Amino acid sequence: MAQPNGVKAPVENISPAFPHSTPADISSVKGTLYTTAQTLVQQVAFTLSDKLFTYSPDTFSLDAAAKLWSDNGQTNVRGVVPTVNAMETRLGAANVLLGYVFSPDADPVKKAVAKSIIASSPTLIQMRSALDQLSALYRVSSPFVAHVSAVDYEVSSAKLVTDYVSAVTVAQETGVGLLASFSAHEAQHMALFATLAATVLPMVHIYDGVSVSRESAKIKDVLDQASLQNAFSSVLEEQKEAPKKADQGAKVNAILRSLNAELGTAYSLFEYEGHDEPDAVLVTFGSVESLLATQIAASLIESGEKIGVIAVRVYRPFSESHFLEALPKTVKRVAVLGQVANKTAAEDSAVQSALYVDVVAAITMSDIWTLPPPIVDVKYAREQVWSPKEFAWIFDQIIRSHNVVVEVPEEELTPEASTIDAFSLLEENRYAQQYVFWDGDDAASVLAAPIISKLLSEDPSRNVSFQAAYDNAPLSGILHSEIRASSRAIDAPFHIEHADISVVNDIQLLSKFDIARRTKDSGIILLKSTIKDDEFEKKLPAPFRRAVTKKAINLIIVDPSALGEEAPAAVESALVQLAFTRLVNISAPLEKLSQLNHDSPAVHQASEKLDNSLRKVEIPKEWADAQEDNEPSHLPTIPQATSFAINDEKHITEPGSTIKTSQSAAQAIAFKEAYGAQSALRPDLSMKNYIVKVQENKRLTPEYYGRNIFHIEFDLTGTGMEYQIGEALGIHSQNDPEEVSEFIKFYGLNADDVIEVPSKDDPDVLEMRTVFQALSQNVDTFGRPPKKFYESLAAFATDEGEKKALLTLSSAEGAAEFKRRAEVDTVTFADILLEYKSAHPSFYDLVRIVSPLKRREYSIASSQKVNPNSVHLLIVVVNWVDPKGRERFGQSTRYLSRLPIGAEVTVSVKPSVMKLPPLATQPLIMAGLGTGLAPFRAFVQYRAWQKSQGVDIGSVLLYMGSRHQREEYLYGEEWEAYQAAGIVTLLGRAFSRDQPEKIYIQDRMRQSLDDIIEAYIKESGAFYLCGPTWPVPDVTEVLQEAIVEEGKRRGVKMDGAKKIEELKEGLRYVLEVY
């Protein structure tokens, strides 16, 4: 349909991160097309499965294509519309799938269809128990394949990271298979291979999830559904002739050989690339790692180096014979590039990467060498972002040094290194072009980059790749897009180092990133800005001006003010696109861009103003020596990928607040009707809360003992508060009044001033409280500040040194120092405000950027049936000494421990997972460590009450653990009295340090295994554990032993782990751990 000005309607939707939309018709996924590896993986899973189970966080969109095809009624090769079941990632993930893979379906054809999972790598950790069961019973299972995007959010570095270590760990522990795709060009083949290999063992297909799987690229020879099925059937048919007694490695290798014959490819379990007689070989696993190592090695070999790379295709089963076959016998040194959990592990000499262990075992156990070549473990953390220079550095060390590290020291970088562009070097194509776009993540011009990429890709002689990354921190969210265009296929899994054109759509970005450094010499920076010529020195940072001069960069301004004040966002975006097409000499841009933009008239409107909006800046020679005060010593060149979506939090607006004198508050209280004032109990809290009074507060451990464990009771008379067995009491504690007064004095506040804060439930309603009240009840002034606080506080610093220090602490550069402050020094918000005195926000701003006090929840240690007018808690005071010798306390536990009789406390009730079984005759098996005994005191009180009412009750087994009986026999006399009364039938006491050998709670449980079998299994009891997390595996192991032993006595083989999962679903295995 024609649009105004005779322009065609746009052909498809374009998103900021993906220029090419997902094909609505799966049959169009074939031949040569622009797509992503993730889409191709979904196509294979959708084609060869009837059911897909997906574990994808909303912003990851790992299953978007499969959902679209399923919703549109698209079918697989069997004529079935596959169901896409979106699941939650949680402990026990994939348990529901076990019912399908072990289904005794009478139709063998249906049972032979693979069950597919699409997930991110952390999901595998949650699937561990299910995968364990699957491996053990795979002979009676349907084929199982998991396509896993290697991506996780790393909290310590606050960014997305490539996570292989989770998959490697799970594969080692469960026995599932593990293979990797190296690039988007082979993702479809590897997804097919994984599905075929799943006929031998449960298979995990993993690929880079941060960049490779999300890169839009031109992929050739894509198989359609029919071709996938034909290849699948042909390979399986050939495997019927394979030896039945071959091991898994041999079977998987046979499948790969058959697939190669079918596709005309040359994949292998271990792929060697390099010199025919290398001195040194690097072993890799992973998409970017394998591809980039191979590329750099090829480049170095041309300069005379004798090196090679073994890229591990199939990591599990690890076939030592095939690995040794791939390893050249001339090798004198082997380095293994292995991922570990974090930087601490990478720097710890005691930690070895899993890949290194496998390689060492293969080489040292072979009889090929009289003296095996030395093997070095080159460890790297998940947050490592690779570029060619790291691999060149690694190879240099392998050849010339004994030690190998990943990070390149600054002194090792020659001046020439900063000007060499790795892409051009690897491409060997002087016509390759590279473009970088910088923009706010929700700016008007955010679609400019993907539209340009789409425009470039319409040239059939070009290969175009597009990659976008969101960084939610700078400017509250930016979008960084990279476009490469070449006459050759593009495999460049690293950031652009020297762009031909850098498009900057927000001038503030010049102060956040060294954009000129990533623009090639004599390249172009296209800056969208309303800046005037006489404002250059004021608004363009001095380092930027120096760099532009030194590198002879052409600075072009595209000024959107030429469009007029009311120009729509679409016109501004079109203006940037048109300016770019002019710089790269694209023919007929008006017609082409009109077709790609939904608002076609906007393109024509922008075209009319293009000449008036573009101007080239004449660079003054004085810019070469430009200086300014407090220049940053270093600006990053590349944003951190922190998300796959825009930062929505920046759109949340907070209504303002005001500070008034106490006289104003008095007037409002005295004349409530005139001022519309009402009295309310803690109006800042959204939950129902009550005022209770302390009626008992008693320390249970001796004064000389290092741990203060106390029992506290609250009087509920007249409150109307009710609680159920197993629930928790939320304590709305207050900061120490002396510390609050000291802070008020230091900060220059008036304790009696009244602050008006908009209600969380209704912003039109203002809540009034004094400054002292706010700092006592609402603001976590003495809590631990997150990284975001340092960044927020920096905005208020008037001292440039302090501002820089705060910003460093909030950045990746300051991660180690931030961690030390948080975990070793345990600094508080107040400490930071005292340290950086020039950062002095107003009280309103302080309340806004400091975290609010959160309620602390404690398991209730009483039954209201027995104590109708009171609620009891069992608490240990948290305290420690920091490196400065200051005694520190847990805010809430100290508050409660100091409360006198009669003190009023604000509380609320929170439901819990700790529920009694439905029948009173069902036994209770309880394990409590330290204060973890609290809910079990309530359980036992309730069972005693039931018995007093004539109700038959089941047996009660109580296992308790602590360090010493003399000091920590918590409620000991009560337990013995309940045992004497026949309520508690077994009391297993484990005091770990009262005898030479350590005795723990699991030891007492194992000693009474027959009692557990009777109560837990035969009488359908429920098990509960409350306390720290560390004993969970050991205690669970005892329960599994009981399950297996009981089955053995009946002549039935039981899977203890599987049974525990079933009990968990039936609420007969309940944990409340911390």
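Only a single item in (1) over 30 Å from Ala198 (Cα atoms); (2) of a type in the set (Asp, Glu); (3) open to solvent by 50 Å² or more (accessible area, probe 1.4 Å) is not met by Glu325, and it is number (1).
Is there a residue in the range 446-456 that is within 28 Å of the chain's Cα centre (by Cα), part of a strand (DSSP E or B) and touching a residue at least 24 places away in the same chain (Cβ under 8 Å)? So far as the range 446-456 goes, no, none of its residues is within 28 Å of the chain's Cα centre (by Cα), part of a strand (DSSP E or B) and touching a residue at least 24 places away in the same chain (Cβ under 8 Å).
Number of residues in the range 599-633 that are over 25 Å from Ala567 (Cα atoms), touching a strand residue (DSSP E or B) at 6+ places or on another chain (Cβ under 9 Å) and not in a loop (DSSP other than H, G, I, E, B): the value is 0. Only one of the numbered conditions (1) in contact with a helix residue (DSSP H, G or I) (Cβ under 8 Å, 6 or more places away or on another chain); (2) over 19 Å from Val155 (Cβ atoms); (3) without any contact (Cβ under 8 Å) to a residue 12 or more places away in the chain is not met by Gly748, and that is (1).
Being modelled with pLDDT of 90 or more, out of contact with any Leu (no Cβ under 6 Å at 6 or more places or on another chain) and more than 30 Å from Ser56 (Cβ to Cβ) is a property that holds for Thr581. Gln1040 meets each of the listed conditions (1) in a helix (DSSP H, G or I); (2) surrounded by 18 or more Cβ atoms within 10 Å (Cβ to Cβ) apart from (2). One residue stands out among those in the range 730-765 that are open to solvent by 20 Å² or more (accessible area, probe 1.4 Å) and within 20 Å of Arg856 (Cβ to Cβ): the one that is modelled with the lowest pLDDT, which is Lys760. Taking each residue of the range 629-642 that is within 22 Å of Ala469 (Cβ to Cβ) and looking for partners that are part of a loop (DSSP other than H, G, I, E, B) and among the aliphatic types (A, V, I, L, M) with beta-carbon atoms closer than 7 Å, six or more apart or interchain, yields Ala641/Val210; Thr642/Ala158; Thr642/Ala473. Of the strands (runs of 3 or more DSSP E) that lie entirely inside the range 6-87, those containing 3 or more residues that are outside the structural domain of Pro601 (by the TED database) and within 26 Å of the chain's Cα centre (by Cα) span 49-55, 83-86.
Tell me the residue from Val881, Val876 that is touching a residue at least 24 places away in the same chain (Cβ under 8 Å) and aliphatic (A, V, I, L, M), please.
After applying the criteria, what remains is Val876.
Checking each residue in the range 207-248 for being assigned to a loop (DSSP other than H, G, I, E, B), surrounded by 14 or more Cβ atoms within 10 Å (Cβ to Cβ) and of a type outside the set (A, V, I, L, M) picks out Gly209, Ser211, Glu215, Asp224.
Scanning the range 1053-1065 for residues that are acidic (Asp, Glu) and open to solvent by 60 Å² or more (accessible area, probe 1.4 Å), we see that the one that is nearest to Ile725 (Cα to Cα) is Glu1065.
Quick one: in the range 189-206, of everything that is open to solvent by 10 Å² or more (accessible area, probe 1.4 Å) and assigned to a loop (DSSP other than H, G, I, E, B), which residue is nearest to Thr174 (Cα to Cα)?
Restricting to residues being open to solvent by 10 Å² or more (accessible area, probe 1.4 Å) and assigned to a loop (DSSP other than H, G, I, E, B), the top hit is Val200.
Out of all the residues in the range 1014-1031, is one or more in a helix (DSSP H, G or I), in contact with a Ser or Thr (Cβ under 9 Å, 6 or more places away or on another chain) and crowded, with 17+ Cβ neighbours inside 10 Å? Checked against the condition, which is being in a helix (DSSP H, G or I), in contact with a Ser or Thr (Cβ under 9 Å, 6 or more places away or on another chain) and crowded, with 17+ Cβ neighbours inside 10 Å, the range 1014-1031 yields at least one hit. In the condition set (1) in contact (Cβ under 8 Å) with a residue 60 or more places away in the chain; (2) more than 30 Å from Leu160 (Cα to Cα); (3) in contact with a Leu (Cβ under 8 Å, 6 or more places away or on another chain), Lys550 is compliant with all but (3). The condition of being open to solvent by 20 Å² or more (accessible area, probe 1.4 Å) and over 25 Å from Leu729 (Cβ atoms) holds for Gly950. When the range 303-313 is limited to residues that are of a type outside the set (Val, Ile, Thr) and at pLDDT 90 or above, the one that is most open to solvent (accessible area, probe 1.4 Å) turns out to be Lys306. Of the candidates Leu846, Leu873, Leu896, the single residue that is in contact with a strand residue (DSSP E or B) (Cβ under 8 Å, 6 or more places away or on another chain), open to solvent by less than 10 Å² (accessible area, probe 1.4 Å) and within 30 Å of Pro632 (Cβ to Cβ) is Leu846.
Of all residues in the range 982-1013, those satisfying the criterion of being assigned to a helix (DSSP H, G or I) and of a type in the set (A, V, I, L, M) are Ile1001, Met1005, Leu1009, Ile1012, Ile1013.
When the range 548-598 is examined, which residues are found to be of a type in the set (Ser, Thr, Tyr), part of a helix (DSSP H, G or I) and open to solvent by 10 Å² or more (accessible area, probe 1.4 Å)? Correct list: Thr549, Ser561. Checked against (1) closer than 23 Å to Tyr858 by Cα; (2) modelled with pLDDT under 90, Asn697 passes all but a single condition, namely (2). Of the residues Ala990, Ala934, Ala977, Ala981, the single one that is of a type in the set (A, V, I, L, M) and touching a residue at least 60 places away in the same chain (Cβ under 8 Å) is Ala934.
Residues that are surrounded by fewer than 18 Cβ atoms within 10 Å (Cβ to Cβ) and either under 23 Å from Met190 (Cα atoms) or small (Gly, Ala, Ser) (or both) within the range 273-298 comprise Glu273, Ala298, listed in sequence order. Checking each residue in the range 132-146 for being among the aliphatic types (A, V, I, L, M) and under 15 Å from Ile1060 (Cβ atoms) picks out only Ala136. Does at least one position in the range 309-327 carry a residue that is among the small types (Gly, Ala, Ser), more than 22 Å from Met203 (Cα to Cα) and in contact (Cβ under 8 Å) with a residue 60 or more places away in the chain? No, every residue in the range 309-327 fails to be among the small types (Gly, Ala, Ser), more than 22 Å from Met203 (Cα to Cα) and in contact (Cβ under 8 Å) with a residue 60 or more places away in the chain.
Among the residues of the range 228-272, those that are closer than 22 Å to Phe182 by Cβ, of a type in the set (A, V, I, L, M) and in contact (Cβ under 8 Å) with a residue 24 or more places away in the chain comprise Leu228, Ala231, Val235, Val252, Ile255, Leu256, Leu259, Leu263, Leu269. Selection of the range 916-932 for residues being within 22 Å of Ala1042 (Cβ to Cβ) and either in contact with a Lys or Arg (Cβ under 6 Å, 6 or more places away or on another chain) or open to solvent by less than 30 Å² (accessible area, probe 1.4 Å) (or both) yields Pro917, Gln922, Pro923, Leu924, Ile925, Met926, Ala927, Gly928, Leu929, Gly932. Restricting Arg1050, Arg993 to those that are modelled with pLDDT under 90, surrounded by fewer than 17 Cβ atoms within 10 Å (Cβ to Cβ) and more than 17 Å from Pro917 (Cα to Cα) reduces the list to Arg993.
The values are calculated or read from the model by the stated rules, or taken from the named source; none is laboratory data. What you are looking at is a predicted structure, and each value in this text was computed from that prediction instead of being measured. We place every Cβ from the backbone using ideal geometry, glycine too, and count neighbours over all the protein chains shown. All accessible areas refer to the heavy atoms of the entire protein, side chains included, with ligands and DNA or RNA removed. Shrake-Rupley method; radii C 1.70, N 1.55, O 1.52, S 1.80 Å.
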